[in-house]
1. Heavy atoms only, probe 1.4 angstrom, no DNA, RNA or ligands counted: give me 115, 36 ranked by accessible area, highest first.
2. In debye, nearest 20, what is the charge dipole magnitude of the chain about its Cα centre with +1 on Lys and Arg Cβ and -1 on Asp and Glu Cβ, if you could check?
3. Select from 115, 143, 27 the residue farthest towards the positive end of the dipole of the chain; place +1 on Cβ of Lys and Arg, -1 on Cβ of Asp and Glu, and compute about the Cα centre.
4. Between residue 121 and residue 73, what is the spin-label point distance in nm, taking each point 7 Å from the Cα along the Cα→C-beta axis?
5. What share of the DSSP beta bridges in segment 1-158 is antiparallel, in percent to the nearest 5?
6. By how many nm would the segment from residue 61 to residue 85 lengthen if fully extended, with 0.36 nm per residue of separation less the alpha-carbon distance?
7. Would you please name the trypsin sites (Lys or Arg not before Pro) within segment 1-65 that are DSSP coil residues with at most 11 other C-beta atoms within 10 Å of their C-beta?
8. Just to confirm, what accessible area per residue do you get for segment 56-124 at 1.4 Å probe, in whole Å²?
Amino acid sequence: MPDVIADGLRVLFCGINPGLMTAATGHHFARPGNRFWPVLHLSGFTPRLLKPSEQGELLSYGLGITNVVARATARADELTPTEYVEGGRLLSAKVERLRPRWLAVVGVTAYRAAFGDRKAQVGPQERMIGASRVWVLPNPSGLNAHWTAATMAEEFARLRVAAEQG
């Protein structure tokens, strides 16, 4: 699954791993029930609702997408602890190379597993990767019933404001 990345982004969003539909289409967050694209728009990151096939337009807004783990699965719970730890190591190297202002990991459980931070909560983290700040966002999967699109958009908007402030 190719990343949508460039040097010096405002925010590099990091999914857990590609779902099967994402892997099949080559477009991040492609499953129809995934709320990433609507929430990205509702939070003010994009001026209109983008389709997964328009993911390349994110770069023009200073945004990008990558994943913690590259292997596609039907569900994130199919990933092993070793895959998460290795994914965190590779992600850290990528972030150090690309230097986004913020790394935004979508999914607190994935963040905890990848970075060994069992107490992490949604929101800004104390951890820095190189010069990049880290924010944990709620997982936009339709399976995450704890968050509505509206409450997710509020959290994404908090990150947007922080990213605009530098």
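The values are calculated or read from the model by the stated rules, or taken from the named source; none is laboratory data. Remember, predicted model here, so these are calculated numbers, not experimental data. We place every Cβ from the backbone using ideal geometry, glycine too, and count neighbours over all the protein chains shown. All accessible areas refer to the heavy atoms of the entire protein, side chains included, with ligands and DNA or RNA removed. Shrake-Rupley method; radii C 1.70, N 1.55, O 1.52, S 1.80 Å.
1. Numbers: 115 30, 36 0 Å².
From most accessible down to least: 115, 36.
2. Dipole magnitude for the chain comes out near 160 debye.
3. 115
4. 2.7 nm
5. Values: 5 of 20 bridges.
Around 25 percent of the beta bridges assigned by DSSP in segment 1-158 are antiparallel ones.
6. Values: separation 24, 0.36 × 24 = 8.64 nm, distance 2.99 nm.
Gain in length upon complete extension: 5.6 nm.
7. Here the sparse-neighbourhood loop sites are 48.
8. Values: 3440 Å² over 69 residues.
Dividing the accessible area of segment 56-124 by its residue count gives 50 Å².
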